[in-house]
Structures are given as structure tokens and as C-alpha cells.
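A.B. asks: Dropping a structure here in C-alpha cells format, bear with me for questions.
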Amino acid sequence: MGWRRTLLAALLSIIGPTTAMAAEPAVTRSHGVSVFGDLKYKADFSHFDYVNPTAPKGGAIRLAAIDSFDNLNPYILKGAKEGSMGLTFATLMTRANDEPDALYGYVAESVTLPADRRWVEVTLRPEARFHDGSAITAADVAFTFDTLITKGHPRYRILFATVAKAEIKGPRRVRFNFKAGNTRDLPTQLAALPVLSRAYYAKRRFDKTTLTAPLGSGPYKVAKVEGGRFIAYRRIADHWAAHLPVMQGRFNFDTIRIDYFRDRDIAFEALFAGAYDFREEFTSRSWATQYNKPAVRDGRIVREILNDQNPSGLQAFFFNTRREKFSDRRVRAALDLAFDFEWTNKNLFYGAYKRTNSMFANSELAADGPPDATELKLLEPLRGQVPDAVFNKPFRAPQTDGSGRNRVNLRKAAKLLRQAGYKVIDNRLVDAKGKKFVIEFLLFESSFQRIINPYIRNLRRIGVEASIRIVDVANFIRRQQQYDFDVVVERYSQLLTPGVEQNIYYGSKAADTPGMRNLAGIKNPAVDHLIAKVMGAKSRPELVAATRAIDRVLMWNRYVVPQWYKGAHTIAYWNKFSRPAVKPRYDLGLLDTWWYSGRKAAMIKAGKAPPKPPKALP
């Protein structure tokens, strides 16, 4: 019987405090699920700690987005998707934004796991409903899974590659059976699934772009939409889940409207004209110099800096290593040496950023220091397959003195290019066959040109012919999905508990699958080996060690030119909203926890400034 106790202990360490089923002591049923450790919230919790459970409902919030959209189905590859459609879909379970990886019952009232983790079963709430009033059933959940892995975005096929099938066990019970292999992340990945209506899609194609809002079951419906211009969501006053602990104090706005702007400068000025209410500022120049406006000075618009405790992930220039010219690591390192971050940060960003040196910046997962004994144990079998620097020092991007001359690094870059077989003829870098080295940066809007143009000037000093091509957003999405580019600028957001999604970012199988996030085209057995270690980690310390190990291998292989990050949200908004005293640790919480203040809105309408929040900037 010792083996049963061992298995049960292992299970409890994964899914937290639960009640064992009497008939099957090796099977555990719970109100929530997490990858490691205990659940913070017990079965009888009343609300998340970061919400105001008595927050008033009502009012509207208006937001802005850039570019356009032509698709309201967020779960397929095709089209430019409207980014907030998740508001209209309920998921089996919903995340707690003050825990790294915990989810609690939403459509599903409970989750059941055996100690050997060969399957996971969800039991649905009897009151769960789609927006047309029809019940959400096990058949809908099974249909959702089957549809997503066959007709949905290709990422679902990678995320759920080790799920054998979804098996209907009763009107409200679905069991997901697993194949042999690593199943650590599958319960939480499956718990986050949205639920689609089988009856709705019996009369419609799922894999087709649409501007007709699909039938959902979430707290909002689409009230009005004009393709590419705006979308408005309306809160469902009698939403079936309103009584649940996971919904208390959340989704408080009656109306959420998002207007799309084609021009960033026009979008910026529209905030001060009152065209929308809230803006998170991502342009350091604007934050430093362009908010000296009457509405800001008199306090009707407030600015704040809120800590962001999520991994900042990676923003970078991504090389398409599917193209021969980027296949040599020395070439990629040389191109990195030509980027002068220090000058850029000082002259363009007002010193607002830190240089990114990790795929997991701003977190404990970043490899910041020499590898420790646990990491070396993971890395040693890869000696000879990965750069030698992996074993003795952390990755650090090239540095300059910020003067803009960058001569030392450009000399290093030229030396690396010569070692890679290139030479300069008539000020043009050419390979052994005399073919010029040409780079095209692909963008979908113009604001990044001011950053790339100084980089291009440095590249030309080492003989690289570089240019910028700006295309419309639909063309950009298509070319990125098909990997038809030299270099793109992209940002990877990382989870606090990395797992199977790393295959989508860096795994060999994703390199040639359209629509994946492996933009660099990484096909590296050492990386695949370490992804398996990340996925197979059985404790938080093991996970941190494995993640730092893969971080070193990825960064020292120079697949990208890393850019910058800041561990904070810089926000500006018309001061007619309130929010809980505690911000969710791992989320901004805007649409989730804020609410509309009629009193403040009336003051602004009368030309008066409401009191500022305690931490608002002067």
C-alpha cells in the first residue's frame, strides 16, 4: 500500500487541498487545479482577494486599439482578430490573478484527477448556459476540444498533442484521456478551454472568418460592431455565473467599447479630446514629453505607474533562420553588435528601459548569473551541442558607451562576419559567391522606423544593405504566419509557470507549422531536450532550474537581437473610475476589477477634477 500513499501525496502536491473520493482513494476531486503546490483559495471561498465584491455595476469604459480587425472568431488562424472577444466566452475554469498557475471552477464546478494522471475529468455546473439560454453540456465540451484540435488555430494541436480523446461520461461529465508521456500541464491547459456550442456550429462553418459574433456564454455579448472600426460589448445583467465566487466584484462595466485607429499619433491625441477613457502608454517619448496637457495638469486625466510582476518576456528583432543568411550564429551575433541600445535608450527613450538579456526577463526564471549545480546537471549532457559560454556565464547583450559611434562593437561584428565567410567589396558585404547581404525589416505601422533607422545606419557601416518595408496589418499577419520575412519585431509574453507552450515558441515541430510563435524557425535538438525538462519539472525549484537552462541556450544561440523592457504599467485615464485597494499581482485588472464612478464622471462633466488616487503622478 506504500505506493498508493506515494501517488496520492504526489497528486495532492499538484492540485492542492481536496477531498479524496471514498470509493477510489487514488482519485481526487477538487474545486480548483494548479501545476504545483496548494491552492490559495479553499473550497468555500467567497471571492478573490484582489476584487471589491460589492463593486457597483454600471457605466461605460471606452478604449482604443491600433490598426484593424476582420474576424470575431479568436480561435482560428485566419484573419485579423478582435482582441477582446474572450469577454464573450466562458471557460471551464478561470485563473486567479494572484497565483502563478491556479484555476478555479467556472463552467466546470469541479475537476477530478487520478494519482497516475492518465486522465482528467470535469463536471459541469447544471446552471451553465449559452447566451441563447441553452444548457452547456458535456457534448459541447467534447465538441469544443475536437473542433479546436482539427479546425482551430494550429497551437491547439501542439498544446494538446498528448491528449488521446475527450470522452463523454455523462450529461455533465467529460473525461480527457491522455497518451503516454508528460502530462503535467494538461489539467491546467484543459481547464482554461473556452466552451463552444455544438448546436450553433452545426449550422455554421467554424474555420471561417466572421464579423457575426459567435454564440458565447461569458459575461458580455457583442452589442454592435463595424468591421475594422469599432466594437461594443454589453454586460449581461442576469448572467448565469453572476453568483459564483470567481465572478464576485468582476466585470463591472455595463458597456465596453473599443475604437480602432490607423494612426498612433491620432490615437494619442484622441485621449485628450475625450474620444476614449484609458490608455496604457508604450512609447517612452510620449510618456516623458507629451502629457503636459490641460486635462492632465488640472487632474481630470491622471497618470500612474503600477508594478507588473509578470515575466516581461522578450521583445526583440527576430531573425528568420529558415533563410540561409541567418543560419550562422556568428552572423546573428554580428548583427546584434550593430544595435546600439545605450544610444537608443538615452536619445529616443529618455532612459526609461532596461536591456533585455533573457527570454524570461523581470522574473525568477531569468538566467541572471553563472549556472548553479542543478542547471549544470541539465546542461552537461548537451556539451558540444550548445555554445561553450552557456556553462560559465550569463548572457549579456553587447554594450556601448551611448555616444552613437559604436566603433568597438562594429569592429567585432566585422571580424565575426569575416569568420563566417563574408567580405566587404565596394562597401557591400558579400558571401563567397558574391551575393550581397540584404536585410528587410517588416513592419505594419511606421512608429518603429525611428528606432530601426539608426540601427540600419550601423548595419551599413559593416556592409549590410538594410531597409524597412511597411505593409497593411492583414498582409503583415499573413506574412508572419507564413514566415515570409527577414526580420520582424515581436514580443513574447511568458507564463509564470512555463510548460508545453514553449514548444509553440521554440520547439522544432512548430518551426514549419504556419501560425506558430516560433518566428525564428528554431530547430535545435538541445532546445527540444530542455523544453521536455521544463515540461517535466515536478517542483517549482526544478522548473526554475530547467527554465534558466533553456534561457541560456536560447540567448547564447543569438536567435534574436533583444530589445528592452520595463517592469511596470504606465497608464493614463480620465479620472472617472475606481478600483480595489489591492491590484491583482499578475494582471493590470482594468476590465476585470475596476468600476465606473458616477460621482467622478459628474465632476469631470462639470469641469472639475475628482480627487487623485494616492499614487498618481503629480
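The values are calculated or read from the model by the stated rules, or taken from the named source; none is laboratory data. In this text, all values refer to a predicted model and were calculated from it rather than measured experimentally. Heads up, the Cβs are rebuilt from the backbone with ideal geometry, glycines too, and the neighbour counts pull from every protein chain shown. We work out accessible area using only protein heavy atoms, side chains counted, and drop any ligands, DNA or RNA first. Shrake-Rupley method; radii C 1.70, N 1.55, O 1.52, S 1.80 Å.
A.B. asks: Could you tell me how far the Cα centroid of region 72-96 sits from the Cα centroid of region 492-541, in Å?
C.D. replies: With region 492-541 and region 72-96 each reduced to a Cα centre, they are spaced 22 Å.
A.B. asks: Grab the Cα-Cα distance for Arg205 and Lys179, subtract it from 0.36 nm times how many residues apart they are, and report the gain in nm with one decimal.
C.D. replies: Result: 6.4 nm gained on full extension.
A.B. asks: Go ahead and run the numbers for FRET between Ala242 and Ser539, Cβ-Cβ distance against an R0 of 41 Å, rounding to 0.05.
C.D. replies: So, using R0 = 41 Å, E works out to roughly 0.60.
A.B. asks: Now for a separate question. Over region 379-496, with every protein chain in place, what whole percent of the accessible area is carbon and sulfur at 1.4 Å, could you tell me?
C.D. replies: 46
A.B. asks: Right, something else. Considering the dipole of region 337-465 built from charges on the beta carbon (Lys and Arg +1, Asp and Glu -1) around the Cα centre, which of Asn392, Phe360, Gly463 is farthest to its positive end?
C.D. replies: Gly463
A.B. asks: Accessible area of Arg279, 1.4 Å probe, to the nearest 10 Å²?
C.D. replies: 40
A.B. asks: About the Cα centre of region 425-518, how large is the charge dipole given +1 on each Lys and Arg Cβ and -1 on each Asp and Glu Cβ? Please answer in debye to the nearest 20.
C.D. replies: Taking the Cα centre of region 425-518 as origin, the dipole is about 300 debye.
A.B. asks: Is there a quick way to get the dipole size of region 241-283? I mean about its Cα centre, with the Cβ of Lys and Arg at +1 and of Asp and Glu at -1; what is the value in debye to the nearest 20?
C.D. replies: 220
A.B. asks: Take Ser467, project a point 7 Å from its Cα along the Cβ direction, then tell me which residues of region 489-506 have their backbone nitrogen under 17 Å from it.
C.D. replies: No residues fall inside that zone.
A.B. asks: Separate question: Highest mean first, how do 100-106, 194-200 rank when packing is the count of other Cβ atoms within 10 Å averaged over residues?
C.D. replies: The densest-packed peptide leads the list: 100-106, 194-200.
A.B. asks: Just to verify a number: what accessible area does Glu364 come out at with the full protein assembly present, 1.4 Å probe, Å² rounded to tens?
C.D. replies: In the full protein context, Glu364 sits at about 100 Å².
A.B. asks: While we're here: I'd like the accessible area for His239: 1.4 Å probe, protein heavy atoms, all chains in place, Å² to the nearest 10.
C.D. replies: Roughly 20 Å² of His239 is accessible to a 1.4 Å probe.
A.B. asks: I need the shape label for region 335-451. Rule: rounded when a/c is under 1.5, else prolate if a/b > b/c, else oblate, with a, b, c from the alpha carbon gyration tensor.
C.D. replies: oblate
A.B. asks: When ranked by the protection proxy of mean other Cβ atoms within 10 Å per residue, highest first, what sequence do the peptides 143-153, 540-550 form?
C.D. replies: 540-550, 143-153
A.B. asks: Could you work out how far the C-alpha centroid of region 308-328 sits from that of region 162-236, in angstrom?
C.D. replies: Comparing the Cα centres of region 308-328 and region 162-236, I get a distance of 30 Å.
A.B. asks: Here is a follow-up. Solvent-accessible area per residue for the chain at a 1.4 Å probe radius, Å²?
C.D. replies: For the chain, the per-residue accessible area is 43 Å².
A.B. asks: Here's another thing I want to ask about it. What number comes out for the charge environment of Gly463, summing +1 per Lys or Arg and -1 per Asp or Glu over other residues with Cβ under 10 Å away?
C.D. replies: Here the charged neighbours net out to +3.
A.B. asks: Label region 114-171 by shape, choosing from rounded, prolate and oblate, from the square roots a ≥ b ≥ c of the eigenvalues of the Cα gyration tensor; if a/c is under 1.5 it is rounded, and otherwise prolate applies when a/b is larger than b/c, oblate when it is not.
C.D. replies: Because a/c hits 1.5 or more and a/b fails to exceed b/c, region 114-171 counts as oblate.
A.B. asks: How large is the charge dipole for region 494-541, taken about the Cα centre, if only the Cβ atoms of Lys, Arg (+1) and Asp, Glu (-1) carry charge, to the nearest 20 debye?
C.D. replies: Dipole size: approximately 180 debye.
A.B. asks: Return the whole-Å distance between the Cα centroid of region 419-442 and the Cα centroid of region 548-610.
C.D. replies: Here the two parts' Cα centres lie 43 Å apart.
A.B. asks: So for Arg461, Arg173, what's the accessible-area order with a 1.4 Å probe, most first?
C.D. replies: Arg461, Arg173
A.B. asks: Something else: With a ≥ b ≥ c the root eigenvalues of the C-alpha gyration tensor of region 271-420, is it rounded (a/c under 1.5), prolate (a/b larger than b/c) or oblate?
C.D. replies: Prolate shape, in that a/c is at least 1.5 and a/b is the bigger ratio.
A.B. asks: Order Asp528, Asp298 by their accessible area, 1.4 angstrom probe, all chains in place, largest first.
C.D. replies: If we order Asp528, Asp298 from most to least accessible, we get Asp298, Asp528.
A.B. asks: Would you mind telling me the share, in percent, of accessible area of region 218-355 contributed by carbon and sulfur at probe 1.4 angstrom?
C.D. replies: Ligands and nucleic acids excluded, carbon and sulfur give 45 percent.
A.B. asks: While we're looking at this one, here's another question. When the helices in the chain are scored as -39500 (n - 2.57) per DSSP H run of 4 or longer and the sum is shared across all residues, what 222 nm value do you end up with, to the nearest 500 deg cm²/dmol?
C.D. replies: -7500 deg cm²/dmol
A.B. asks: Then there is this: Given labels modelled 7 Å from the Cα in the Cβ direction, how far is it in nm from Glu280 to Ala26?
C.D. replies: If labels sit at Glu280 and Ala26, their model points lie 4.5 nm apart.
A.B. asks: Here is a follow-up. What FRET efficiency do you get for Ser327 and Asp368 if R0 is 30 Å and r is their Cβ-Cβ distance, rounded to the nearest 0.05?
C.D. replies: 0.55
A.B. asks: Provide Tyr233, Tyr565, Tyr483 ordered by accessible surface of protein heavy atoms (probe 1.4 Å), highest first.
C.D. replies: Greatest to least solvent exposure: Tyr565, Tyr483, Tyr233.
A.B. asks: Another question, then. Pop out the carbon and sulfur fraction of the accessible area of region 50-182 as a percent, whole number, probe 1.4 Å.
C.D. replies: Whole-percent figure for carbon plus sulfur exposure: 52.
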